[in-house]
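Heads up, the thing below is written out as structure tokens.
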Amino acid sequence: MKTYNILIQFSCHCSPIKNWKLINETKVINTINCKKAEVTFKGRNWIAWYAPEIPFPYGPMKFSGLPGLIIKITDEKGDYDFELVKSISNSQLKNKRINMKKSRYTGAAETTQAKLKQAQSNAETNAAGVLASYGTTIIKGQEILKKREKERKENKKYENLLELTP
């Protein structure tokens with residue numbers, strides 16, 4: 001049995017996906033034995049490959065809830081494709097020190113998904129106000145900001161969002 005050390009750099013307080021369909025198909029990805037699963041999530045159909053021998057129910061983005069670490073997940077159209085790029089054996093990590101800079105997390109505030117979306121929306125609709133809140137003074141360039149906002153709105157119709165439905 002292999003031993004894995006996993007360094008998780010962020011956490012998401014998202015509910016695990018519960019409607020996975022486990023498929024009796026296997027595949028080796030990056031030397032890891034994987035099993036297949038499928039799910040429809042937020043308007044897209046996804047195919048995931050997970051490793052039962054790594055008993056962590058996590059994956060990229062909001063994907064979780066499988067009986068093993070998600071090694072690869074792709075939407076059926078091929079618009080999105082997430083894959084574990086590198087894994088390091090336990091023996092390679094032995095006696096190695098991992099430093100995480102505390103400064104990355106200093107001043108971080110815990111929030112809810114709804115509050116985060118509202119803050120992002122506020123920032124998009126009032127770029128000048130956000131800059132002003134950081135002490136930036138805009139003397140000239142209001143026209144440029146208005147032009148950029150118009151371009152941003154125009155470009156929104158070409159977005160290919162990960163989540164198609166709420």
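The values are calculated or read from the model by the stated rules, or taken from the named source; none is laboratory data. It should be emphasised that the depicted structure is a prediction, and the values quoted were computed from it without experimental measurement. Cβ atoms come from the backbone with ideal geometry, glycine included; neighbour counts cover every protein chain shown. Heads up: the accessible areas ignore ligands, DNA and RNA and are worked out on the full protein's heavy atoms, side chains in. Shrake-Rupley method; radii C 1.70, N 1.55, O 1.52, S 1.80 Å.
Structure notes:
- Annotation: for a label point projected 7 angstrom from Cα along Cα→Cβ of Gln142, residues of region 120-135 with backbone N closer than 15 Å are 127-129, 132.
- Region 42-166 shape via C-alpha gyration tensor axes, a/c threshold 1.5: oblate
- Once backbone amide H atoms are built at 1.01 Å from N, Ile71 has Trp49, Tyr50, Ala51 as its partners under 5 Å, excluding neighbours fewer than 5 places away on the same chain.
- Glu124 accessible area, 1.4 Å probe, all protein chains in place, Å² to nearest 10: 80 Å²
- Straight-distance crosslink candidates among aspartates and glutamates, where the alpha carbon sits under 14 Å from Lys156 and sequence neighbours closer than 8 are dropped: Glu124
- Fully extended contour minus Cα-Cα distance, from Ala123 to Phe56, at 0.36 nm per residue: 20.6 nm
- Stretchable slack from Thr40 to Glu83, in nm (0.36 nm times residue separation minus alpha-carbon distance): 13.6 nm
- When you count the other C-beta atoms within 10 angstrom of each residue and take the mean per peptide, 56-68, 21-33 line up highest first as 56-68, 21-33.
- Residues whose amide H falls under 5 Å from that of Tyr80, counting only those 5 or more places apart or on a different chain, are Asp75, with hydrogens built in the peptide plane.
- What the Cβ-Cβ distance of Lys94 and Glu163 gives, at R0 = 41 Å and to the nearest 0.05, is a FRET efficiency of 0.55.
- Ligands, DNA and RNA excluded, the heavy atoms of Thr106 present near 100 Å² of accessible surface to a 1.4 Å solvent probe.
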